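For reference, the structure is listed below as structure tokens.
Any read-out appearing in this document is the output of simple, stated calculations on the displayed coordinates, not a laboratory observation. For clarity, every value in this text was computed on a predicted model and none was experimentally measured. All Cβ positions, even for glycine, are placed from backbone atoms using ideal geometry, and neighbour counts span all protein chains on display.
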Amino acid sequence: MAFATEALFRDNAYLKSAEATVIAVDERGIFLDRTVFYATSGGQPGDTGTLLRADGSRIAIAGTVTGETKNEIVHKPAEGAARPEVGETVTAEIDWERRMKLMRMHAACHLLTVACPYPITGAAVGEEESRVDFDIPDAGVTREGVSEALMALVRADHPIFTKWITDEDLAANPSLVKSKNVRPPVGSGRIRLVCIGDEGAVDTQPCGGTHVASTAEIGQIHIGKIEKKGRENRRFRIRFGPLPSSQENPS
């Protein structure tokens with residue numbers, strides 16, 4: 001049996017906590033009627049944090065994943081942590097510092113797809129480093145050039161927002177999908193888009209993840225390394241901070 005959870009983060013990624021009711025507990029984990037915890041999906045790791053109980057005790061959440069459906073969100077308690085009772089009211093609190101890093105990084109990955117407008121073959125968002133793989137026929141791009149393009153987009157302070165379209169809208173606009181091998185899930189009747197720039201002029205693509213509200217919030221980023229992963233596949237590693245000097249060897 002699948003349990004449905006209202007995903008509060010989809011409409012407001014800046015919610016750090018929310019009161020919720022425990023609707024189920026089983027060997028997979030803890031299920032709430034609503035949550036601020038993002039579940040692992042689309043290359044972005046699930047949130048960690050705690051569930052605050054009425055008596056003041058806390059249940060550590062080591063990770064969050066989707067269950068049998070996208071609407072089923074499983075909160076994985078840390079080893080040895082207590083389990084709440086069904087019907088209990090708790091306050092779900094995410095590790096905000098970690099989430100913010102992931103939000104900045106995920107937004108940076110979107111900017112990278114603008115700086116490198118090639119088909120995406122893979123991606124993974126991390127707290128200190130993220131990667132995006134592209135199908136690039138020519139290896140003429142440089143980490144210096146891409147880093148400069150990324151920072152120009154960051155400094156422009158473009159707004160980042162979400163909107164919803166129908167499955168039919170997506171079918172009529174296939175260019176919105178940048179991934180070469182993965183298509184966004186359809187069948188629910190609507191698709192969530194993440195848009196950058198006024199009216200999404202800088203970038204618009206399907207995405208269910210969490211992002212900061214403006215490119216300026218990403219902060220200083222650079223391409224740490226470009227790796228060859230096949231004849232036409234290049235892996236770009238995004239890192240926080242300034243681009244190291246040319247005398248420093250990227251690793």
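Structure values in brief
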read-out: Relative contact order of the chain, pairs being alpha-carbon contacts under 8 Å that are 6 or more residues apart, as %; value: 18 percent
read-out: Sum of side-chain charges, PRO117 neighbourhood, beta-carbon under 11 Å (Lys, Arg +1; Asp, Glu -1); value: 0
read-out: Spin-label model distance (nm) - ASP135 vs SER17, 7 Å beyond Cα toward Cβ; value: 4.7 nm
read-out: Value at 222 nm in deg cm²/dmol, rounded to 500, when DSSP H runs of n ≥ 4 in the chain each add -39,500 (n - 2.57); value: -5000 deg cm²/dmol
read-out: Descending Cα extents along the principal axes, segment 6-94, whole Å; value: 34, 26, 20
read-out: Relative contact order of segment 1-125, pairs being alpha-carbon contacts under 8 Å that are 6 or more residues apart, as %; value: 28 percent
read-out: Lys pairs under 30 Å by Cα in the chain, provided they are eight or more residues apart or on distinct chains; value: 24
read-out: Within segment 45-204, percent of DSSP bridges classed antiparallel, to nearest 5; value: 95 percent
